[in-house]
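Below is one structure; the comments refer to it alone.
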Amino acid sequence: MDFFNTITTYTIYSIPVGRIGIFVLGILISLVLRKIVNYALKKPLKKTENFFTLLLDGIAGSMSFLIVFSGFYFSVLILNVHGTVNLVALNIIQILLTFTVIRILFVVIDDVAVQMGSLAEETESQLDDQLIPVLRKLAKVAITAIGVVFFMQLKNYPVSGIIAGLGIGGLAFAFAAQDSIAGIFASIALFLDRPFMVGDFVSVGGISGTIEEVGLRSTRIRTISKTLVTIPNKEIVDSTIDNLSKRPMRRCTITIGITYNATAENMQELVTSLRKVLVDDDMAEQNGSNVHFTTFGDSSLNVEMVFFIRTTDYSKFLQSRQDLNIKIMHTVEKLGLDFAFPSTTVYLEK
């Protein structure tokens with residue numbers, strides 16, 4: 001210590017040569033340590049790739065800056081330049097140190113979230129797929145808040161007084177942020193009620209698409225036209241949610257119009273033949289299927305077929321419906337009947 005004090009107090013013509021030398025030496029040491037730490041943290045990933053090595057590689061850059069800023073901080077303290085310059089320099093370095101520590105914690109949170117996401121994909125439940133992004137955001141918000149409070153305490157700001165002031169102004173803040181708060185409570189309600197999961201195809205408020213992300217304030221839906229629609233969670237909670245992914249099969253309705261030259265026997269035979277078409281089709285569900293001669297239209301005798309197709313996949317549904325339509329055409333042709341189309345018959349009297 002005596003040797004260190006001797007060096008720091010060594011001056012030439014009132015110039016603190018000793019402190020300047022230690023300042024420069026401290027910066028050089030921090031730059032060398034930055035290279036060493038960066039190499040040491042990135043090296044394990046070259047040998048093997050796992051959660052730990054990926055985490056070390058992710059924080060390598062931020063840790064390098066943390067060492068440099070720490071070296072600068074202690075070097076500036078030793079240099080001890082009097083006046084505003086020293087104070088401003090220390091404040092800037094303290095801000096950079098706080099930001100770097102927060103950045104390191106953010107990287108850790110991201111890597112942990114990715115690891116948890118990989119584990120969640122292996123489970124049958126998709127609730128964890130929804131919770132992980134939300135917990136990730138909450139953790140980052142909490143870390144940021146802690147970092148801000150820590151910096152304020154470091155600078156001797158009256159943190160307790162500020163918190164008390166926030167309590168006084170809390171009512172006004174809550175009123176101004178009522179939409180955000182309502183969104184958070186709506187998100188909690190969605191997680192507890194679980195009307196849908198990530199990946200489900202739903203219809204909410206006239207918007208149909210696949211759930212891509214459920215956030216703290218809103219839910220993102222990828223529509224059939226590939227656009228991304230963001231809906232506030234509070235609107236979703238207040239809306240009717242039709243989860244189309246939960247249906248075991250798809251409902252299909254086909255209306256067949258026959259020309260008026262068909263007889264009653266023809267119509268009865270047609271209904272019987274169409275019922276047989278559904279019975280013989282492997283994709284058509286027999287329970288709940290109905291085929292009836294329903295109405296006398298303006299230009300057609302209408303037969304309605306209502307049934308379910310045993311698939312939830314939209315492409316397979318379209319293909320099955322197409323196959324049935326072709327079978328229906330063959331059936332009508334075999335019976336010698338004709339499909340009707342809008343027409344008008346005009347009678348002229350002499």
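Couple of notes before you dig in:
- The residues of segment 220-261 that are assigned to a loop (DSSP other than H, G, I, E, B) and of a type in the set (A, V, I, L, M, F, W, C), listed by number, are ILE224, MET249.
- Out of PHE341, PHE293, sole residue that is within 11 Å of GLY257 (Cα to Cα), loosely packed, with under 15 Cβ neighbours inside 10 Å and touching a residue at least 24 places away in the same chain (Cβ under 8 Å): PHE341
- Test: residue in segment 262-280 that is closer than 17 Å to LEU324 by Cβ and in a strand (DSSP E or B): no
- Selection from segment 233-242 of residues that are more than 14 Å from GLU212 (Cα to Cα) and not acidic (Asp, Glu): LYS234, ILE236, VAL237, SER239, THR240, ILE241
- Applying the set (1) assigned by TED's automatic domain parsing to the domain that holds MET329; (2) under 28 Å from PHE317 (Cα atoms); (3) surrounded by fewer than 13 Cβ atoms within 10 Å (Cβ to Cβ); (4) not hydroxyl-bearing (Ser, Thr, Tyr) to ALA264 leaves exactly one unmet item: (2).
- Given (1) over 16 Å from THR255 (Cβ atoms); (2) among the charged types (D, E, K, R); (3) modelled with pLDDT of 90 or more, index of the condition ASP313 fails: (3)
One line per residue, one yes/no per condition, for (1) closer than 30 Å to GLY336 by Cβ; (2) in contact (Cβ under 8 Å) with a residue 24 or more places away in the chain; (3) in contact with a Ser or Thr (Cβ under 6 Å, 6 or more places away or on another chain):
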residue	(1), (2), (3)
SER218	no, yes, yes
LEU244	no, yes, no
ASN287	no, no, no
PHE307	yes, yes, yes
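- Across segment 315-333, the qualifying residues are those that are surrounded by fewer than 17 Cβ atoms within 10 Å (Cβ to Cβ) and in contact (Cβ under 8 Å) with a residue 60 or more places away in the chain, and the one among them that is nearest to ILE258 (Cα to Cα) is ASN325.
- Residues that are assigned to a strand (DSSP E or B) and either over 15 Å from THR272 (Cβ atoms) or charged (D, E, K, R) (or both), drawn from segment 287-300: ASN287, GLY288, THR294, THR295, PHE296
The values are calculated or read from the model by the stated rules, or taken from the named source; none is laboratory data. The structure displayed is predicted, hence computed values, not measured ones. Please note: Cβ atoms are built from the backbone with ideal geometry, for glycine as well, and neighbour counts cover all protein chains shown.
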